[in-house]
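Have a look at the structure below, then the notes.
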Amino acid sequence: MSIISIDQAVSALTAGELVAIPTETVYGLAGRIDREETLKKIFTVKSRPFFDPLIVHVSELAQAKSLTREWPQLYDLLAQNFWPGPLTLIAPKNDLVSSLITAGLDSVGLRSPAHPLAREIIRRVGTPLAAPSANRFGRTSPTKAEHVETEFQGMISVVDGGACDVGVESTVLRASNSLGKWQIEILRPGGISPKQIRNLLDRRQISYTIGRAHSNASPGHTKAHYQPESPVVIINKRYDETEILSLVCDRLEQNFTSIVRLPLEGEPSQAARTLYQQLRDLSRKNAVIVIEKSEFHASEDWQMVWDRVERAAILHL
Ligand code: TXA
Ligand code: MG
């Protein structure tokens, strides 16, 4: 076991080592942002390509601002309302932020996580922590300490903070102002929904537009992502099980012998909480995980879940 205490985590992080820490979204592989060696280790351990920028985690709003060159005024309002919480704000970086973190981009992703252990750790280490999800590149994100242990076979120390509440990653958002109107782009749907943002801005009578950014605005949010051991197949039509199996074997040129269904219904927040856990639980040898697409999955409320499902899937039937 590689479960460690908060004290141990604080010492290890302070010394420049990596530690997996719980957040309310998913577990993060954390390292201090002011050591190039530490940052490089994050990429190596995850087998993450250097074009994929890291999110910087802070404990206070002032700490976030101290890393930026410019801070859109709207972010004060968003941070007041949604921080600590699952919202990452993209802002122009200053020299305190290594270009390793931002993958050469001129902007940095900042978030103040809500999990009390994450907050305590960041506060005690005293420097912001870069923390991508604690999984190997392209694989399912961990929502429990044991997922991190399995993923890195005990090579990474983990602080156990229980099961993550939100279950999928933070919303990544960018805002700019033109002629008094805010343009808000959602780069990655997540724990804070467009509806929550609209409610806030409408209440304050702020003029804005909000939409999904085109996919290359968020470099690491690649098409193949979150993939579990067993292939995930999205079903758009009614097929019986034998039809599905034969189509999948055919298309993937591999022999599968069973299908397991992952029903996605009920409350989207509940589905998000358990999605990654279920993708892990349902993975088994020679099995295919089948998710049936319903009309309501296209609704805005389901975006954070369906975005992950589509990236986890390798085939649509
Ligand atoms: O909930 C979360 O955000 C979790 C927990 C651990 O906090 N972290 C997380 O980190 O999901 P990661 O590294 O798996 O996702 C980082 C993603 C990048 O792939 C990219 O899509 C976006 O955040 N991102 C980060 N910095 C960016 C930037 N400067 N510009 C555009 N997108 C950025
Ligand atoms: Mg990730």
Which helices (runs of 4 or more DSSP H) sit wholly inside the stretch 222-317 and have at least 3 residues that are touching a residue at least 60 places away in the same chain (Cβ under 8 Å) and charged (D, E, K, R)? 303-312
Please determine whether any residue of the stretch 146-157 is in contact with a Pro (Cβ under 8 Å, 6 or more places away or on another chain) and farther than 13 Å from HIS115 by Cα. yes
Matching residues, the stretch 136-152, being within 14 Å of the chain's Cα centre (by Cα) and crowded, with 24+ Cβ neighbours inside 10 Å: THR140, SER141, PRO142, THR143
Any residue in the stretch 81-102 that is surrounded by fewer than 21 Cβ atoms within 10 Å (Cβ to Cβ), farther than 30 Å from GLU267 by Cβ, modelled with pLDDT under 95 and away from ligand 2 (no atom under 16 Å from the Cβ)? no
Considering the stretch 226-251, residues that are closer than 18 Å to ARG139 by Cβ and away from ligand 2 (no atom under 16 Å from the Cβ), and then whichever is surrounded by the most Cβ atoms within 10 Å (Cβ to Cβ), we arrive at VAL232
Extreme residue, modelled with the lowest pLDDT, among residues of the stretch 213-271 that are over 30 Å from the mean Cα position of the chain (by Cα) and charged (D, E, K, R): ARG238
Candidate set from the stretch 193-212 (those that are more than 24 Å from the chain's Cα centre (by Cα) and assigned to a helix (DSSP H, G or I)); member that is nearest to ligand 1 (Cβ to nearest atom): LEU201
Can you list residue pairs whose Cβ atoms sit under 6 Å apart, with the first residue in the stretch 142-156 being farther than 17 Å from HIS225 by Cα and the second being modelled with pLDDT of 95 or more and of a type in the set (A, V, I, L, M)? Count only pairs 6 or more apart in sequence or on different chains. LYS144/ALA163; ALA145/VAL158; ILE156/ALA20
Can you tell me which of SER59, SER98 is more than 18 Å from ALA20 (Cα to Cα), in contact with a helix residue (DSSP H, G or I) (Cβ under 7 Å, 6 or more places away or on another chain), of a type in the set (Ser, Thr, Tyr) and not in a helix (DSSP H, G or I)? SER98
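Can you pull out the residues in the stretch 14-31 that are within 15 Å of ligand 1 (Cβ to nearest atom) and surrounded by fewer than 24 Cβ atoms within 10 Å (Cβ to Cβ)?
Residues of the stretch 14-31 that are within 15 Å of ligand 1 (Cβ to nearest atom), as a first pass: 18-31.
Once the filter is applied, which keeps residues that are within 15 Å of ligand 1 (Cβ to nearest atom) and surrounded by fewer than 24 Cβ atoms within 10 Å (Cβ to Cβ), the stretch 14-31 yields only GLU24.
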Which of the numbered conditions does ARG111 fail, given that it passes all the others? Conditions: (1) away from ligand 2 (no atom under 16 Å from the Cβ); (2) touching a residue at least 40 places away in the same chain (Cβ under 8 Å). (1)
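The values are calculated or read from the model by the stated rules, or taken from the named source; none is laboratory data. Every value quoted in this text rests on a predicted model; they were computed, and no experiment measured them. Reconstructed Cβ throughout: ideal geometry from the backbone, glycine too, with neighbour counts over all protein chains shown.
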